[in-house]
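The values are calculated or read from the model by the stated rules, or taken from the named source; none is laboratory data. It should be emphasised that the depicted structure is a prediction, and the values quoted were computed from it without experimental measurement. Note that we place each Cβ from the backbone using ideal geometry, even for glycine, and neighbour counts take in every protein chain shown.
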Amino acid sequence: MTSKIAIQPPPLSPPSSDSDSDSGDTSHRHQHTDLSSTIFKSYLELTGYQSSPQHHDLIKIQSFLTSSRSGALSCLICLERIKPTDPTWSCSSRCYAVFHLLCIQSWALQCTNLAAARAASRAASINDDSLQWHCPKCRIEYPKSQTPKYYYCFCGKVDNPPHDPWVLPHSCGEICGRPLLHNCGHQCLLLCHPGPCPSCPKLVKTKCYCGATEDVRRCGFKDFSCNGICRKTLSCGTHKCGEICHDGDCSMCRRKGVYKCQCGKVELERECYERIFRCENPCKKLLSCGRHVCERGCHKDQCGECPLQGRRTCPCGKKVYEGIACDAVVPLCGGTCDKLLNCGIHRCPERCHKGRCDETCRLMVTKSCRCGSLRKQVPCYQDLTCERKCQQLRDCGRHACKRRCCDGDCPPCSEICDRRLRCRNHKCPAPCHRGPCAPCPIMVTISCSCGETHFEVPCGTESQQKPPKCRKPCRVAPLCRHASNLKSHRCHYGACPPCRLICDEDYPCGHKCNLKCHGPRPPALPEFTLKPKKKKLNREAEYTPGSSCPPCPELVWRSCVGHHVGAERMMICSKPAEFSCENLCGNPLPCGNHYCTKVCHALKGGSKSHGRGLGESCEECNLPCQKDRSPHCVHSCPLACHPGDCPPCKSLIKRSCHCGSMVHAFECLYYNSLTDKEQMTVRSCGGPCHRKLPYCTHLCPQTCHPGECPSADKCLKKVVVRCGCQTLKKEWVCQDVQVAYRNAGSDPQDVPKSRFGIGLLQCGSECLSKVKSSDTELQHRKPKVTETKESEVEKSLGKRRRRRERLQEDKKPSKLQSIVAAVKKVLLIVIILLSLIALAYFGYNGLLWLSDWMNEREIQRQRRRQPRI
């Protein structure tokens with residue numbers, strides 16, 4: 001123990017069962033039975049309550065032993081596993097946490113250097129004895145001189161203990177021998193172990209708390225209560241304790257009684273421990289002078305002499321008066337008061353006066369503010385501070401002081417560090433600081449499902465730890481359909497392993513599921529579940545535990561939705577069966593005359609359709625009916641294409657009578673069912689023919705008839721015949737007139753109706769005189785030629801042109817008007833430019849102000865959200 005050597009690198013040795021090696025061959029080579037539960041069973045039974053500190057220490061020792069044996073110890077600083085060959089250091093004050101020796105040395109060096117830098121920044125004297133570092137977990141402070149330098153076993157007896165696979169790692173394998181708690185004089189009998197030593201198990205004679213009962217008990221649990229009445233004399237010296245035998249001092253005496261105050265004027269009912277009290281009335285007893293009364297409060301001793309007797313001074317204390325009566329008023333000396341004011345520098349300038357001097361010194365002095373940037377004359381009582389904000393960084397080195405008129409001694413940073421710790425699960429709750437954050441103090445318990453095997457690891461290392469191995473059978477019953485065929489397995493960490501049997505469940509289609517069992521699995525308890533490691537999946541999982549069977553993967557032949565022959569395909573049984581062969585549908589349409597021209601589709605409501613109500617109807621035939629009607633007619637069927645015969649044609653056809661004076665309307669069916677002779681008969685109007693004869697201007701006198709009018713050249717109508725000048729006239733028979741025209745060599749058909757019969761008679765003497773008189777009348781009837789007024793048109797056009805030119809001359813602006821218009825345009829452009837510049841300037845300043853305001857609000861919100869620690 002006296003000689004210490006530096007740490008040497010550990011020799012290379014093959015991995016043992018307690019190392020971090022993941023090989024499966026060495027894990028069972030040096031395996032031995034875990035007896036920790038048997039050893040601590042009697043200790044845990046003696047502690048009784050689980051909330052007692054002894055029980056907590058025992059659980060901590062057992063957890064340390066289990067984690068050390070299983071290789072689950074982790075360093076809180078680097079969050080790496082502590083291998084059995086790594087030099088370590090453990091905190092022996094409170095938490096007993098184990099760290100790498102190099103890590104704790106680096107941690108202590110950083111803490112002491114940071115403390116030295118803080119002291120140097122404040123110009124304080126630096127002493128190595130005053131520099132301290134703290135444990136990363138329990139924050140117990142150690143002086144710099146206690147920085148670990150050497151590697152010891154847990155009990156501290158062996159320096160640089162060798163690694164032995166049959167001994168607990170970092171242990172010497174000898175009896176611990178450390179002094180037990182409460183300085184009972186005994187030593188720990190366990191083998192060298194991590195964590196605190198258990199309570200002393202030796203048997204000793206001891207008394208209860210009140211001393212009335214003596215019994216033989218374990219030394220670590222020798223303090224006990226006899227459950228009897230204490231009966232110790234209380235502090236009042238009169239009464240005795242009436243509580244059950246208890247630890248520590250007895251409580252105050254609470255017996256009630258009537259007691260007097262110290263002056264004896266007031267009597268009150270009070271508890272015994274408050275029997276001595278003072279009332280709120282002044283004493284008012286007459287002093288020895290016989291003129292004044294005692295102004296002290298309630299008191300027990302004598303009032304004393306009158307304070308106004310004997311030697312007296314004026315209020316300022318400069319002039320002394322001897323032999324003045326106590327009831328006489330001391331005169332003022334008339335000098336300057338000269339008493340020291342509250343500022344401690346100046347004196348009272350007033351004359352000797354009664355009462356206290358003025359508390360505020362109003363003399364004008366030159367003062368400097370705390371930061372030294374402002375020097376000004378102010379009243380002496382007034383403190384001078386400037387508005388300058390300190391820009392010096394605080395101890396954390398991240399945030400500025402920002403305190404107004406700072407004297408240079410900036411306070412510690414009040415912000416929360418809030419940096420993410422190395423565990424990646426929590427953030428640093430400490431005030432903002434320099435250097436690395438303290439490790440996460442939270443310990444995570446890793447336990448099997450039954451809870452018998454467990455150990456604690458630092459937060460953030462749980463995903464890297466191996467689960468504890470428990471030899472007891474698992475208590476969780478399987479939930480899948482193979483529960484009766486599964487073999488029992490050992491207790492484990494996390495969820496139960498999946499069932500490896502074939503599912504073999506029937507599908508509705510008749511096939512069976514050939515995958516591994518994917519029935520429900522018992523869920524893992526949250527407190528016994530680690531965060532899964534992030535691994536890249538090389539392939540997709542075939543199933544999800546706790547889910548129903550996947551769709552049937554068998555291959556079957558499926559026909560297309562149109563059930564066409566030769567269009568079948570091989571498809572997965574569970575896959576939707578609808579597919580189109582891209583051929584034409586070919587189903588007959590409801591009309592019975594055409595076929596569907598759509599692409600292959602499922603028929604709506606078809607019995608063989610797999611569309612489950614999602615089929616599509618064939619197209620509707622929108623073609624017109626193209627059938628021949630019976631009896632035949634020129635009209636087509638007004639209906640769309642339809643099955644069966646067309647309906648009778650009800651269309652109306654118009655046929656004029658033979659003479660053309662009337663139009664008949666017949667139904668097509670009725671008219672076409674008649675013979676040709678019957679059609680000619682029904683078309684006759686029954687009246688006169690009303691057709692003009694071909695050789696004269698008269699109408700046919702016969703009844704309406706088909707064909708040409710008979711005996712057209714034998715018209716017996718009378719016609720008025722005239723001479724060439726139409727003076728002479730006679731009446732002839734029409735057939736005679738036609739004969740006269742033929743005789744004259746002209747065709748009667750070429751004679752106009754207005755000239756029919758004119759010129760057949762020869763003119764006489766009366767016709768010549770009538771011709772001369774008509775010539776003179778024709779000359780008088782000739783119209784006069786109108787004269788054009790070209791001059792007036794030219795004149796009117798000249799006036800309009802002159803008026804237009806005069807208006808254009810009036811509209812031309814003068815030079816003055818053009819100058820004024822130009823000046824107005826320039827002013828308008830200048831005003832627009834100035835307004836744009838002002839808008840940009842004030843808008844930019846407004847954005848800067850808004851940004852500063854939002855930053856201040858964000859800082860206030862963060863301070864409000866993160867409470868100070």
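Summary table
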| quantity | calculated |
| --- | --- |
| Candidates GLN382, GLN377, filtered to the one that is out of contact with any Lys or Arg (no Cβ under 7 Å at 6 or more places or on another chain) and part of a strand (DSSP E or B) | GLN377 |
| Residue in the stretch 623-640 that is surrounded by 16 or more Cβ atoms within 10 Å (Cβ to Cβ) and closer than 30 Å to GLN749 by Cβ present | no |
| Residue within the stretch 716-735 that is of a type in the set (Gly, Ala, Ser) and under 30 Å from CYS591 (Cα atoms) present | no |
| Condition met for ARG863 (within 30 Å of PRO429 (Cβ to Cβ) and either at pLDDT 85 or above or assigned by TED's automatic domain parsing to the domain that holds LYS427 (or both)) | no |
| Residue check for PHE579: of a type in the set (Phe, Trp, Tyr) and over 53 Å from the mean Cα position of the chain (by Cα) | no |
| Selection status of PRO497, at pLDDT below 80 and part of a loop (DSSP other than H, G, I, E, B) | no |
| TYR96, sole failed condition from (1) loosely packed, with under 14 Cβ neighbours inside 10 Å; (2) assigned to a loop (DSSP other than H, G, I, E, B) | (1) |
| One residue from CYS192, CYS155, CYS188, CYS176 being under 30 Å from GLN110 (Cα atoms) and either at pLDDT 90 or above or in the same structural domain as LEU101 (by TED's automatic domain parsing) (or both) | CYS155 |
| Positions within the stretch 85-95 being under 21 Å from VAL167 (Cβ atoms) and modelled with pLDDT of 85 or more, in sequence order | THR85, ASP86, PRO87, THR88, TRP89, SER90 |
| Check on CYS226, within 30 Å of SER90 (Cβ to Cβ), crowded, with 17+ Cβ neighbours inside 10 Å and of a type outside the set (Phe, Trp, Tyr) | no |
| Conditions (1) in contact (Cβ under 8 Å) with a residue 60 or more places away in the chain; (2) closer than 30 Å to LEU699 by Cβ: number failed by GLY660 | (1) |
| Residue among THR445, THR366, THR360 that alone is within 51 Å of the chain's Cα centre (by Cα) and either among the hydroxyl-bearing types (Ser, Thr, Tyr) or outside any loop (DSSP other than H, G, I, E, B) (or both) | THR445 |
